[in-house]
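This report refers to the structure that appears directly beneath it.
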Amino acid sequence: MRCSYLCLLLIVAASGLFAAEKGDRDKAMALLTGADSLITANEHQKAADMCKRALSEDASCPAAYFKLAQCNEQLRQNKEAFKNYQTAADLAKKENDLVLSRKATSAAEKIGGGAIQITAADSKLVDKLLPLADEAFNDDQLETARSAYASILALKPQHEKAKEGLAKTEKAIEARGDPIKARIAAAMLAEVFYNMGIGEKDKATKMAQEIASKHGSTEAGREAEQLLANNFEPPSNIDAQLAEAKKQMKERAEKARRVAAVKPVTTTTTSSVAKSAPATGLDVEAIEKVAIDDAKKTAKDKLVPSYKDCYAKGKDFYSK
């Protein structure tokens, strides 16, 4: 008995929901009857307002879009008329009202001339742009992704995936910060490490303070703050930080292999490092091993001059 009662309640609820949905369409069609009378009386602006009221009752009513387009056409609002005829055609096709769909398409073609073909070409372009935008986002090419998503929305303002993609891209760009500032800060941080390596702690401290004050929102700025806080001493969790840095470098190298083949290294600080770098990306562990081996082979009094020479060559290479 209890089960039967619950089933009855569900049937009544479903019937009420169906009636509410149908009621929206019924209200919309009733308002369109009034719009027809206004169109007959050549009151096209009032008829257009009545069509909009009908759409407020049922936003998916193809007949409302069709009559609104007719009003737009009489008011010489051809751009709006073309758009509403197209919407009417699409919605009518979804509801299998092929007669209204054909009428709306024919009316749109009369107004737009070649606009139907342009719209179809736009749709094909959107289909090509969306995967490119997604790929650019996944490869951290955020400015390219933003441009692609924005281009899609310029063609299709209501494209949900493009809107979602643009939103997440803007969020990622905001989190990353200004790329120019990040590069400047990273270059300055390299100078900090260089000065520490040659024993110029005062210079390193001054530059670290400048990075922290001017570029504190960047990754290099945060690292400079940490160096100052530790007085340039290794942090207690140095092993964990090194492990995380190596992990990130490996992930970037793997991404580089997937995106495109990287040219073989032609200018490096040592020939042995050049030999260890594969043509398809950076072998972090191999380069680390070569660097350690080279350091062990170098006499203590030659370490600083060797470091200066390597730094100068690297700086010259990246400046180009």
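Using the crude model of +1 on Lys and Arg Cβ and -1 on Asp and Glu Cβ, and no other charge, please compute the dipole size for the range 25-79 relative to its Cα centre, in debye to 20.
Value, rounded to 20: 160 debye.
Considering Cα pairs under 8 angstrom that are at least six residues apart, work out the relative contact order of the range 58-114 and quote it in whole percent.
33 percent
Of all the accessible heavy-atom surface of the range 117-228, with the other protein chains kept in place and a 1.4 Å probe, what percent is carbon and sulfur?
Exposed carbon and sulfur together represent 55 percent of the surface.
Just grab the label-to-label distance for ALA172 and ILE198, each label 7 Å out from Cα along the Cβ direction, in nm (one decimal).
For ALA172 paired with ILE198, the spin-label model returns 3.9 nm.
Between THR33 and LYS110, how many nm apart are label points set 7 Å from Cα along the C-beta direction?
Here the answer is 2.7 nm between the modelled labels.
Taking 20 Å as the cut-off for C-alpha to C-alpha distance, list the pairs among LYS52/LYS156; LYS124/LYS161; LYS203/LYS308; LYS181/LYS214 that go past it.
Those over the limit are LYS52/LYS156.
Fully extended, how many nm does the chain gain between ALA286 and ARG25 (0.36 nm per residue separation, minus their Cα-Cα distance)?
87.0 nm
With r as the distance between the Cβ atoms of ASP140 and LYS308 and R0 = 30 Å, compute the FRET efficiency 1/(1 + (r/R0)^6) and round to 0.05.
After rounding to 0.05, the efficiency reads 0.35.
The values are calculated or read from the model by the stated rules, or taken from the named source; none is laboratory data. Predicted, not measured: the structure shown is a model, and the values here were computed from it. Positions of Cβ are backbone-derived with ideal geometry, glycine not excepted, and every protein chain shown enters the neighbour counts. Just so you know, the surface numbers come from the protein's heavy atoms only, side chains and all, with ligands and any DNA or RNA stripped out. Shrake-Rupley method; radii C 1.70, N 1.55, O 1.52, S 1.80 Å.
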